[in-house]
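Asks: I am attaching a structure below and will ask some questions about it afterwards.
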Amino acid sequence: MSKYKHLFVDLDDTLFDSSSLYDDAIRMAYERLHTFYGELKYKVFYQAFISIRSELKKEFKHQTISHNRAILFEKLLERLDIPFNAELIREMYEAYWFTVNIFIQPFPGVIPTLSKIKNSGIKITAISDGSLLSRLEKIESLRISNLIDYLVTSEEVVFTKPEKPIFNLALEKTGAKKEEILLVGDSFSADITGGEEFGVDTVWFNKKRKRKPNNPKIYPDYRIKKFEELLKILDIE
Ligand SMILES: [Mg+2]
């Protein structure tokens, strides 16, 4: 029997591919704006989106607010010299998240693997950076609500991974002991660094075969390239 009684699992790029999804979402937000500003080129919009996103990441380092797309779209209008327009900002925001939730798809193998883990008696806790509402929508759209025992979002503690509060809240919600926890995620800087510094065992889901960042102090306990490989680590047939 596995020593692990709890699986802590990241959402974005661990359960589903986010990159093409967000590209589509940015495109749909652009389409809303483009209806009113026909001259605006997508390339200009996209570049402004990407630079404001990284500015927010820097300005609000490891804080949930850096993920807030309403703030991003508001700043984006300012950047493009478009006068304030509440309806437009809200419509871009809605188009963005609507697109994410329409096209979101779990990676192959994710649902059967989570089902087997759940059926083995291991509790599954989703730990994700972002707002509670947007995480609820993603879980619903992925149709995995019945597989998740607990959800912990960075909004509830202000700070994102790899900061400790989100992991502390997960301990509180689950009542788990650190030695019973296996944490899986794709991000070395958020999931693996966060988990290792917190003191739980980690699995680096490195689907894209990225190189390990040169941090001699942080090593994942396991590395997998397919989500199903978790079953072996958890001693599940
Ligand atoms: Mg991730």
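Bear in mind these aren't lab numbers, they're just calculated from the coordinates by the rules spelled out. These numbers come from a predicted model, not from an experiment. Cβ sites come from the backbone with ideal geometry, for glycine too, and all protein chains shown count toward neighbours.
Asks: With N set to the residue count of the stretch 189-237, report its C-alpha Rg divided by 2.2 N^0.38 Å to two decimal places. Intermediate values should be presented prior to the final figure.
Replies: On the way: Rg = 11.3 Å, N = 49, 2.2 N^0.38 = 9.7 Å.
So the Cα radius of gyration is 1.17 times the expected 2.2 N^0.38 Å.
Asks: For the stretch 19-103, which semi-axes, largest first and in whole Å, follow from the square roots of 5 times the eigenvalues of its Cα gyration tensor?
Replies: On the way: eigenvalues 69, 49, 29 Å².
Taking √(5λ) for each Cα gyration eigenvalue gives 19, 16, 12 Å.
Asks: Let me ask another. Distance between Cα centroids, the stretch 125-159 to the stretch 1-33: provide it in whole Å.
Replies: 11
Asks: By how many nm would the segment from GLU78 to ASP23 grow when fully extended, if each residue of separation counts as 0.36 nm and the alpha-carbon distance is taken off?
Replies: Details: separation 55, 0.36 × 55 = 19.80 nm, distance 2.15 nm.
Residue separation times 0.36 nm, minus the Cα-Cα distance, leaves 17.7 nm.
Asks: For a quick check: with amide H placed at 1.01 Å from N, whose amide H comes under 5 Å from ILE224's, ignoring anything fewer than 5 positions away on the same chain?
Replies: For ILE224, whose amide H was placed from the backbone, the distant partners under 5 Å are TRP204, PHE205, ASN206.
Asks: Ratio to report: Rg/Rh of the chain, with Cα atoms as the point set and Rh obtained by the Kirkwood method; give two decimals. Spell out each step's value before the answer.
Replies: Numbers: Rg = 18.8 Å, Rh = 18.8 Å.
That ratio is 1.00, to two decimals.
Asks: Arrange the following residues from fewest to most other Cβ atoms within 10 Å of their Cβ: HIS62, HIS67.
Replies: Values: HIS62 18, HIS67 21.
Listed from fewest to most nearby Cβ atoms, that is HIS62, HIS67.
Asks: If I take R0 = 25 Å and measure r between the Cβ atoms of HIS34 and ARG90 in this structure, what FRET efficiency does the formula 1/(1 + (r/R0)^6) give, to the nearest 0.05?
Replies: On the way: r = 16 Å, r/R0 = 0.66.
It comes out at approximately 0.95.
Asks: Longer than 26 Å from Cα to Cα, which of LYS43/LYS138; LYS138/LYS161; LYS208/LYS232; LYS173/LYS212; LYS178/LYS232; LYS173/LYS210 are they? Say none if no pair is.
Replies: Numbers: LYS43/LYS138 28 Å; LYS138/LYS161 18 Å; LYS208/LYS232 20 Å; LYS173/LYS212 31 Å; LYS178/LYS232 20 Å; LYS173/LYS210 32 Å.
Exceeds cut-off: LYS43/LYS138; LYS173/LYS212; LYS173/LYS210.
Asks: Let me ask something else. Tally Lys and Arg at +1 and Asp and Glu at -1 over the other residues with C-beta under 15 Å from the C-beta of ASP149: what net charge comes out?
Replies: Numbers: positive: LYS5, LYS116, LYS118, LYS123, ARG135, LYS173; negative: GLU172, GLU180.
My count for the surroundings of ASP149 gives +4.
Asks: Measure nothing fancy, just the Cα-based angle from helix 69-79's long axis to the longest principal axis of the chain, in degrees from 0 to 90, nearest 10.
Replies: Roughly 30 degrees between the two axes.
Asks: Find which of THR99, LEU15, LEU88 sits farthest along the positive direction of the dipole of the stretch 1-111, computed with +1 on the beta-carbon of Lys and Arg, -1 on that of Asp and Glu, about the Cα centre.
Replies: Looking along the dipole axis, the top candidate is LEU15.
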